[in-house]
Amino acid sequence: MEIRSLVESLRPGQRVLLESLAWLASTEGTALYLVGGAVRDACARRTPKHLDVAIEGVDPGQVARRIAATWLDRVVQVQTWPDTRTARLDVPGLGHLDLVGCRKEFYPTPGARPVTEAGSLLDDLRRRDFTVNAIALRLDWPLEASQLQDPFGGRADLAWKCLRSVHSGSYREDPARVIRAARLASRLGLSLAAGELAAAAEGDLQLLADPRYSAHWQAIFSEFQPGDVFLQLRRWALRLPWPFAVSRVGPLLRADARRLVYGVSRTVYLALWVRCQPARLAEQQLRAWGIPQAAVRLASQEVPRFYRGQERDFWHCLNPGRAAPC
């Protein structure tokens, strides 16, 4: 792939920011790499939402402060997390830019929080979930002179519409990668590589019912077609626990009750939940959560448009092994 075509996938503001980073890297001898989903999306001719940059051998906080000094009129906030060697800049109109020191990761136990230490770019790519997310673009000046680093064949997997984990123990380390796999498969039209389902089944998937994994489940509803993600999970038949039981969905919806009718993903979720529960139980819970009936009626109108009749897949995720009434 020509670097020029990849660069053309960026928004103008993103390109200007990356050009500034490439110039900074060339003048100071710093190795900076655009990594992760931004490179994946650009290789797939999709505009990245956010930019993630890996840094070799330099404190990300120092680089963040240099960028903030250069972009002082546009960067509104700089945050740093020294323990994870991470810095974040919020740039108006561009979202956020994450600067992360290249690192190794070790998982003391399956599903545990990883222990990190400084590492090389190869170490940083090796710790990632899927090959399509383990591609890096070295930022050189001019930007078109940048070079792709693809040690695990992520570009070929993208071309073949194949989703493959970087290493065999990926799902044992972090079972939430099953959810991320379903989201990527749905969004990019990817199919699992041979052996991926067996590898996923080796992970402790029951951990996904733990509240600390709720953000991964909620992320499904940020997808344009969340119903397709549920369809993927049902096709894989991996016996995943469903964490949004009555006790957990309440706080989620109550926190967003005032904006419920405007938040399509949560509104659609609410409508599906109501349709898949006994009417009396649903009414009691709605009153307890303070959710207006008008919001439910509006939500019901969104279901056919966003889920296209996939209520049964949603029901089977909520109630495995039971006949769907909807």
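In table form, for the structure just shown:
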read-out	value
Any hit, segment 89-104, residues being under 19 Å from the mean Cα position of the chain (by Cα), in the same structural domain as ARG155 (by TED's automatic domain parsing) and without any contact (Cβ under 8 Å) to a residue 24 or more places away in the chain	yes
Evaluation of ALA136 against (1) of a type outside the set (S, T, N, Q); (2) in contact with a Phe, Trp or Tyr (Cβ under 7 Å, 6 or more places away or on another chain); (3) free of Cβ contacts under 8 Å to residues at least 60 places away in the same chain (one fails), failing number	(3)
Test result for LEU6, out of contact with any Pro (no Cβ under 6 Å at 6 or more places or on another chain) and either modelled with pLDDT of 85 or more or assigned to a loop (DSSP other than H, G, I, E, B) (or both)	no
Any hit, segment 64-81, residues being surrounded by 14 or more Cβ atoms within 10 Å (Cβ to Cβ) and closer than 25 Å to LEU163 by Cα	no
1 or more residues farther than 30 Å from SER186 by Cβ, modelled with pLDDT of 80 or more and among the β-branched types (Val, Ile, Thr): qualifying strands (runs of 3 or more DSSP E) within segment 41-125	51-56, 77-81, 115-118
Selected residue (criterion: farthest from ALA198 (Cα to Cα)) from residues of segment 153-168 that are in a loop (DSSP other than H, G, I, E, B) and touching a residue at least 12 places away in the same chain (Cβ under 8 Å)	GLY153
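The values are calculated or read from the model by the stated rules, or taken from the named source; none is laboratory data. Owing to the predicted nature of the structure, the values given are computational and were not obtained by experimental measurement. Note: ideal-geometry Cβ built from the backbone for every residue, glycine included; neighbour counts use all protein chains shown.
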